[in-house]
Amino acid sequence: MASITIWHNPNCGTSRNALALLRDQGHDVTVIQYLKTPPDAATLARVASAVGGAHALLRTRGTDAEARGLDKADEATILAAMLADPILINRPVVIGPKGIVLARPIERVAETL
């Protein structure tokens, strides 16, 4: 089976379910706890582009993103905010041989396999 990477937050139910789904299917999963090990700027930009842009990757629920005006900000501003405060990155992000998805809902994981 191909190697899969997941940007994971163990406190997020959707993230836990996506990881369990991948493991249950027998995939070799590299888990990146992105709050502890955030992506670099180039990786974040590449992932954002793959999932539809920084707005698509921005987590607004449970964050102060809207209060900070990030929901209306440009791509560069959002990406800079995510780099400074990774909690603003929505999860789980799954990177597989066929692509990169924000796995909400978790059934989207199949698009990467």
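The table that follows gives values for the structure above.
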{"item": "Stretchable slack from residue 80 to residue 3, in nm (0.36 nm times residue separation minus alpha-carbon distance)", "result": "24.8 nm"}
{"item": "Relative exposure of 63, 30, 112, judged by other C-beta atoms within 10 Å (fewest first)", "result": "30, 63, 112"}
{"item": "Relative contact order [Cα under 8 Å, 6+ residues apart], the chain, whole percent", "result": "32 percent"}
{"item": "Order of 87, 78 - criterion: other Cβ atoms within 10 Å of each residue's Cβ, fewest first", "result": "87, 78"}
{"item": "Antiparallel DSSP beta bridges within the chain, percent to nearest 5", "result": "55 percent"}
{"item": "Charge dipole (the chain, unit charges on Cβ, about Cα centre) - positive-most of 96, 57, 84", "result": "96"}
{"item": "Electrostatic dipole magnitude of the chain [Cβ: Lys, Arg +1; Asp, Glu -1; Cα centre; debye, to 20]", "result": "200 debye"}
{"item": "The stretch 71-113 and the stretch 31-59: distance between their alpha carbon centers, rounded to Å", "result": "5 Å"}
{"item": "Only Lys, Arg (+1) and Asp, Glu (-1) charged, at Cβ; the stretch 39-89 dipole about Cα centre in debye", "result": "120 debye"}
{"item": "Under Karplus coefficients 6.51, -1.76 and 1.60, residue-wise ³J(HN,Hα) of the stretch 29-36 in Hz, glycine/proline x", "result": "10, 8, 9, 10, 7, 5, 6, 8"}
{"item": "Karplus 3J(HN,Hα) series, Hz, for the stretch 9-20 with 6.51 cos²θ - 1.76 cosθ + 1.60 (x for Gly, Pro)", "result": "10, x, 7, 9, x, 5, 5, 4, 5, 5, 4, 4"}
{"item": "Placed amide H near residue 8: partners under 5 Å, 5+ positions off or other chain", "result": "32, 33, 34"}
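Any read-out appearing in this document is the output of simple, stated calculations on the displayed coordinates, not a laboratory observation. Keep in mind that what you see is a predicted model, and the values were worked out from it rather than measured. Don't worry about glycine lacking a Cβ; one is built from the backbone with ideal geometry, like all the others, and counts go over all protein chains shown.
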